1. Going by amide H atoms built from the backbone, whose H comes under 5 Å of the H on VAL113, apart from near neighbours?
2. Which residues does the label zone of LEU221 cover in segment 128-165, counting backbone N under 17 Å from a point 7 Å along Cα→Cβ?
3. Using a 1.4 Å probe on the protein heavy atoms, what percent of the accessible area of the chain belongs to carbon and sulfur?
4. For GLU271 and ALA80, what is the calculated FRET efficiency with R₀ set at 35 Å and r taken between the beta-carbons, to the nearest 0.05?
5. Return the label of the correct value of semi-axes √(5λ) of the Cα gyration tensor in Å, as calculated from the structure shown, out of (1) 42, 21, 15; (2) 66, 18, 15; (3) 33, 29, 13.
6. Which angle from 0 to 90°, rounded to the nearest 10, does the C-alpha axis of helix 98-108 make with the longest principal axis of the chain?
7. Give the residue from ALA290, THR139, PHE201 lying farthest towards the positive end of the charge dipole for segment 139-294; charges sit on Cβ (+1 for Lys and Arg, -1 for Asp and Glu) and the dipole is referred to the Cα centre.
8. Would you please put 44-53, 207-216, 132-141 in order of how densely packed they are, using the mean number of other Cβ atoms within 10 angstrom per residue and starting with the highest?
Amino acid sequence: MTPVTSSRKSSLAPARLGPALLAALALALAGCGGGDARPLRIGFMICNSVAETRARFAPLAAHLAEQLGRRVEPVWLDTADFDEAVRAGRFDLIHTNSYLYVWFREAYGFRVVAGETRGRDGAYSSGTIIVGRDSPARTLADLRGRRFIFGPPFAPTAYLTPYWLLLEAGVDPEKDLGYYAFPSGSFKHEKAIFAVVNGAFDAGAGPALDLEVMEAEGKLLPDDYRVLARGPLVPYCVFSAAPTLAESTVAAVRKALFAVSPETVAAVDGEVLKVLRSAQVEGFVPLEEAAFEPVRAMAKRCNLPPYAAY
């Protein structure tokens, strides 16, 4: 992966430095964060596709490189591959959903850095279970024996919450549904929603933010579906830091993220792009650890890592 670096160029002519001054400069650079020769490695969870995720977050990575005075190496990684990569110590920072953060905090000591805001619920979202507008189902109990589609595994609002909602209603997905499935390929959240709306499945996961975005984009109408149940608000996507990352660097990253405004720009491949518009978020905000308690509770109830007891 080619590290992202700042593209600013100095207008000053290069100075001629003697050996003593060069040595002093090298020592000074070695003692400051901006002189860290190793790139800051950030693992970005693939959202809908590699191309889409790169387009969204490459400008942010470039901006962080400029603000930190340090090379930043972004890596686009599938959700299913994150645990192995994190265990191997590949990343200093990661950008993931809130369930993966809870998992990696418990298992590896990651620390929350910032949440991102988007849509009606800001830094939060909720998972729902939806049915088609003409479905006879009125309660979750009516889904016994029916076909159900989740979003991608490990997604807090497209898998964890719907699974938990079914269990809380006395419907065991492993025993009581006719069968359940997961979409393949890219844009899994949308595929799950369309599968319900188009009648391929009787019910499925409907993450609130995805429903909101799809309606705003004209892909979906409010009367195309009905919500049978809604889970608690949970943090959506978050940045978190490995336990090995210096606290001074964590603080610098937080400062840089919280200062990003709608006018902040960064250069990627010669093109100057607005960072927030590219990332499709409205900003970055602090999150308290208590905000993740609903995610922990649902993961325990659903017997998912790191709490799974087989």
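The values are calculated or read from the model by the stated rules, or taken from the named source; none is laboratory data. Everything numeric here is computed off the predicted structure, so don't read it as measured data. For neighbour counting, all protein chains shown are included, and Cβ atoms are generated from backbone atoms with ideal geometry for every residue, glycine included. SASA here: full protein model, heavy atoms, side chains in, ligands and nucleic acids out. Shrake-Rupley method; radii C 1.70, N 1.55, O 1.52, S 1.80 Å.
1. Under 5 Å from the amide H of VAL113 lie the amide H atoms of PHE239, SER240, ALA241, each far enough along the sequence or on another chain.
2. 131-135
3. With neighbouring chains kept in place, the figure for the chain is 54 percent.
4. It comes to 0.65.
5. Correct label is (1).
6. For helix 98-108, the angle is close to 60 degrees.
7. Projecting each Cα onto the dipole axis, the largest value belongs to PHE201.
8. Values: 44-53: 17.1, 207-216: 19.2, 132-141: 13.5.
The packing order, highest mean first, is 207-216, 44-53, 132-141.
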